[in-house]
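The values are calculated or read from the model by the stated rules, or taken from the named source; none is laboratory data. Just so it is clear, the structure is predicted and the values come from calculations on it, not from any experiment. All Cβ positions, even for glycine, are placed from backbone atoms using ideal geometry, and neighbour counts span all protein chains on display.
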Amino acid sequence: MKKIITLSCLIFIFIYSISFASGWDRTDKILFGTFTTGMIIDCLQTNYSHIPAPNPLNSYYEHNPIVDAGVKEFGKGFIPVYFGGCIFGGWYISNKLKSRNRKILLSTLILLETIVIIDNKNKGVGLNFKF
């Protein structure tokens, strides 16, 4: 049940942010959708990397200190909250920019997320839908 609620919340954040994206053209919306998809995949990979012992990724090290500290303090429920906040923050900042700068920002964020997803995949990080 938590899985359905968590993924529903992430999808709701995406739909909500697109519906209130004033002045966005089709390209901006596609870029934001791609960014959101990358963030959701990264969220599921991060969730997989925090599987309790015995952890199949014994040598895996979380490079994001905010996620690491949040999981230690609040548990794995912090992971979707963090990524949901990042999606909303990405939308908020993008919405304040002019269209050309928005495209540059979203393209850069997509590139960074792609690098993180590929790096996680190469380290053996899968996807975990249980929160």
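For the reader, a short list of remarks on this structure follows.
Conditions tested, residue by residue: (1) at pLDDT 85 or above; (2) part of a helix (DSSP H, G or I); (3) surrounded by fewer than 20 Cβ atoms within 10 Å (Cβ to Cβ); (4) among the basic types (Lys, Arg).
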position	(1), (2), (3), (4)
18	no, yes, yes, no
27	yes, yes, yes, no
30	yes, yes, yes, no
34	yes, yes, yes, no
39	yes, yes, no, no
47	no, yes, no, no
55	no, no, yes, no
63	no, no, yes, no
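- In region 93-115 there is no residue that is at pLDDT below 90, touching a helix residue (DSSP H, G or I) at 6+ places or on another chain (Cβ under 6 Å), part of a helix (DSSP H, G or I) and surrounded by 13 or more Cβ atoms within 10 Å (Cβ to Cβ).
- Scanning region 86-114 for residues that are under 14 Å from residue 37 (Cα atoms) and free of Cβ contacts under 8 Å to residues at least 60 places away in the same chain turns up 86, 90, 111, 112.
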